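Where a number appears in this text, it was derived from the coordinates with a stated rule and is not lab data. Bear in mind that the values here come from a model prediction, so they are computed numbers and not experimental data. With ideal geometry, Cβ positions are generated from the backbone for all residues, glycine too; neighbour counts draw on all protein chains shown.
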Amino acid sequence: MQFWQCFVDHAPEQPAWTDRYPTAMPDGRRLLLPLRDLGDVAVAGLIANQASFAVLDQLAAWTATAATPLRAEVVVGLPTLGHTLGAAVARALGRENWVAPSTTRKRWYDDALSAPLGSITAPAVGANAARRMWLDPRLLGRLQGRRVLLVDDVISTGSSAQAGLALLRAAGITPVGLAVAMVQGEVWRDTWPDALPVAYAFQTPYFRRVAEGWAPIV
């Protein structure tokens, strides 16, 4: 079965997994996610822009439902895979548009409206050291004085979401919260602001290596 293309009704319980993990969804179904070997640990991977429209729309609906209490007026989708989810969440929340920061600098962009960008699968080191996200100055009017929701596909280490916070801070914006489809492990909690809510559709653990493959860290 291809990853990210459909939900399944049942999945066997087992103490360890090899190449995939059947992640529980809010309605009790499962979504098969590939396991990514990061050395000492593994994580379940969600690639939102490779998901079927049916899966993406449902994940966006669940994420939007979780974020509804934050009463967001505008959505900012991070230019990781948050672009894919950000647009869908904004539509699910009934917004008429959304704000999309970029990883490509246009000629009229301002250095002051940028921030370094990294993630657990693409850390800001080596070839990625110069990666930045940029906010078009022409979009500031959509954000100022409004309740802004930051959206990404996944939060794991929290590095990409922290970059989003830094970018909004440079624009003088404090978001009402972060919305993600998947919360991955607990590492991100070590540096995430306590006062900033995180809304999400589902959770996955980190995994430790065992003789049979990978076992969830609980």
Choose one of LEU70, GLY86, ILE173: the residue whose Cα lies farthest towards the positive end of the charge dipole of segment 52-202 (beta-carbon charges +1 Lys, Arg; -1 Asp, Glu; about the Cα centre).
ILE173
Could you tell me which residue out of VAL41, MET182, MET133 lies farthest along the dipole of the chain toward its positive end? Charges go on the beta carbon: Lys and Arg +1, Asp and Glu -1, centred on the Cα centre.
MET133
May I ask for the net charge around VAL74, where only other residues with Cβ less than 12 Å from the Cβ of VAL74 are counted and Lys, Arg are +1 while Asp, Glu are -1?
+3
For the residues ILE155, ILE173, ILE47, what sequence is obtained by ranking on other C-beta atoms within 10 Å, fewest first?
ILE47, ILE173, ILE155
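I'd like to verify something in the chain: which complete DSSP H helices, judged by Cα projection on the helix axis, reach 15 Å or more and average at least 1.0 on the Kyte-Doolittle scale? Let's see the in-between values first.
Details: long enough: 53-67 (21 Å, 1.07); 159-170 (16 Å, 0.72).
The answer, listed by residue number, is 53-67.
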Once you charge only the Cβ atoms, +1 for Lys and Arg and -1 for Asp and Glu, what is the size of the charge dipole of segment 1-59 about its Cα centre, to the nearest 20 debye?
80
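Report, for the chain, the % of DSSP beta bridges that are antiparallel, rounded to 5. Let's see the in-between values first.
On the way: 21 of 38 bridges.
Here the share of antiparallel DSSP bridges comes out near 55 percent.
Counting Lys and Arg as +1 and Asp and Glu as -1, what is the net charge of the other residues whose Cβ lies under 11 Å from the Cβ of MET182? Can you show the working numbers first?
On the way: positive: none; negative: ASP152, ASP153.
Cβ neighbours under 11 Å give a net charge of -2.
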In Å, what Rg and Dmax follow from the Cα atoms of segment 23-107?
14.8, 48
Let me check the size of the chain from its C-alpha atoms; what are the radius of gyration and Dmax in Å?
17.4, 55
Within the chain: Cβ-based charge dipole about Cα centre, in debye rounded to nearest 20 (Lys, Arg +1; Asp, Glu -1):
720
From the helices alone, meaning DSSP H stretches of at least four residues, give me the mean residue ellipticity at 222 nm for the chain, per-run term -39500 (n - 2.57), in deg cm²/dmol to the nearest 500.
-5500 deg cm²/dmol
Roughly how many whole Å is it from the C-alpha centroid of segment 64-113 to that of segment 151-218?
16
